[in-house]
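Student: Below is one structure. I have some questions about it.
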Amino acid sequence: MFLEEIICYHDLTRPATIDDLTANPGENSGEVIIEWTAVGGNWYSGKADRYELRYSLNSIDETNWDSANVYPQSWVPLESGERESKIILGLPI
């Protein structure tokens, strides 16, 4: 009989907070251009696994985060420190 050791590694260091996000109107109705500096998967090191963008017609905070709409996207985060820019389409106005 063989017994294998299974080790599970949990990511204990969270990504840093994006603190320079800007949003500006796009050229067309319902468009927003967002820009920010990428953060790492371990604070400011490496790159994040994914981004989650939420939107609402009301301000979003920790009390209503779960009820805010999730913007569908499949962006691949850049390395920490690199500038990111995306055009958000189809938002309600």
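Student: Look at the stretch 81-93 and say how many of its residues are surrounded by 12 or more Cβ atoms within 10 Å (Cβ to Cβ) and part of a strand (DSSP E or B).
Tutor: 3
Student: Now for a separate question. If we keep just the residues of the stretch 30-47 that are under 19 Å from Gln73 (Cα atoms) and open to solvent by 20 Å² or more (accessible area, probe 1.4 Å), which is farthest from the chain's Cα centre (by Cα)?
Tutor: Restricting to residues being under 19 Å from Gln73 (Cα atoms) and open to solvent by 20 Å² or more (accessible area, probe 1.4 Å), the top hit is Glu31.
Student: Mind checking whether some residue in the stretch 63-80 is in contact with a Pro (Cβ under 8 Å, 6 or more places away or on another chain), open to solvent by less than 60 Å² (accessible area, probe 1.4 Å), in a loop (DSSP other than H, G, I, E, B) and without any contact (Cβ under 8 Å) to a residue 60 or more places away in the chain?
Tutor: Looking through the stretch 63-80, none of the residues is in contact with a Pro (Cβ under 8 Å, 6 or more places away or on another chain), open to solvent by less than 60 Å² (accessible area, probe 1.4 Å), in a loop (DSSP other than H, G, I, E, B) and without any contact (Cβ under 8 Å) to a residue 60 or more places away in the chain.
Student: Next question, about the same structure. Taking the conditions exactly as written (more than 12 Å from Ala16 (Cα to Cα), in contact (Cβ under 8 Å) with a residue 60 or more places away in the chain and open to solvent by 90 Å² or more (accessible area, probe 1.4 Å)), does Ser59 satisfy them or not?
Tutor: No.
Student: Another one. Name, by its number, the condition in (1) under 15 Å from Ile87 (Cα atoms); (2) in contact with a strand residue (DSSP E or B) (Cβ under 8 Å, 6 or more places away or on another chain) that does not hold for Ala16.
Tutor: For Ala16, the exception is condition (1).
Student: Moving on to the next point. Looking for something of a type in the set (S, T, N, Q), at pLDDT 90 or above and in a strand (DSSP E or B) - is there at least one such residue anywhere in the stretch 35-58?
Tutor: Looking through the stretch 35-58, at least one residue is of a type in the set (S, T, N, Q), at pLDDT 90 or above and in a strand (DSSP E or B).
Student: Something else: In the stretch 22-34, how many are part of a strand (DSSP E or B) and among the small types (Gly, Ala, Ser)?
Tutor: Number satisfying all stated conditions: 1.
The values are calculated or read from the model by the stated rules, or taken from the named source; none is laboratory data. Small disclaimer: the values here were computed from a predicted structure and weren't measured. Backbone-built Cβ (ideal geometry, glycine too); neighbour counts: all protein chains shown. These area figures cover heavy atoms from the full protein model, side chains too; ligands, DNA and RNA do not enter into them. Shrake-Rupley method; radii C 1.70, N 1.55, O 1.52, S 1.80 Å.
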